[in-house]
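Following: one structure in structure tokens, then a few remarks.
The values are calculated or read from the model by the stated rules, or taken from the named source; none is laboratory data. A quick note: this is a predicted structure, and the numbers were derived from the prediction, not measured. Note: ideal-geometry Cβ built from the backbone for every residue, glycine included; neighbour counts use all protein chains shown. Just the protein is used for accessible areas: all its heavy atoms, side chains included, with ligands, DNA and RNA removed. Shrake-Rupley method; radii C 1.70, N 1.55, O 1.52, S 1.80 Å.
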Amino acid sequence: MRHYAILRLLLAGFFLYTAWPMIPGAATQAELIFWGVWLVFLLLVVGANFATLLRMTPPPVMEQDRTGVRKRA
């Protein structure tokens, strides 16, 4: 289910696009810390989705394919 990872990357890109003009306007220490933490979290999200796209990690359980798997009682 690679399209979910692509959609999450597009959403992260949109969030960065909308937040980028506000980041240089941070005036107080609290604002700088907030934007720093936000950018680190964004990098984690982008990195995890790239790892899923490159198949370095297995996809989340709810996105795994169930074809051909049957459980008998």
Task: Close pairs (7 angstrom Cβ cut-off, 6 or more residues apart or separate chains): at negative phi in segment 29-55, of a type in the set (S, T, N, Q) anywhere - done: A51/T57
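Here is a yes/no grid of residues against (1) under 25 Å from R2 (Cβ atoms); (2) open to solvent by 100 Å² or more (accessible area, probe 1.4 Å); (3) at pLDDT below 90:
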{"site": "T28", "(1), (2), (3)": "no, no, no"}
{"site": "F34", "(1), (2), (3)": "no, yes, no"}
{"site": "F41", "(1), (2), (3)": "yes, yes, no"}
{"site": "A51", "(1), (2), (3)": "yes, no, yes"}
TODO: Confirm whether F14 is surrounded by 12 or more Cβ atoms within 10 Å (Cβ to Cβ) and either in contact with a Cys (Cβ under 7 Å, 6 or more places away or on another chain) or aromatic (F, W, Y) (or both).
DONE: no
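Have a look at L9, L16, L42, L32 and point out the one that is within 30 Å of T67 (Cβ to Cβ) and either in a helix (DSSP H, G or I) or touching a Gly at 6+ places or on another chain (Cβ under 7 Å) (or both).
Going through L9, L16, L42, L32 in turn, just one is within 30 Å of T67 (Cβ to Cβ) and either in a helix (DSSP H, G or I) or touching a Gly at 6+ places or on another chain (Cβ under 7 Å) (or both): L9.
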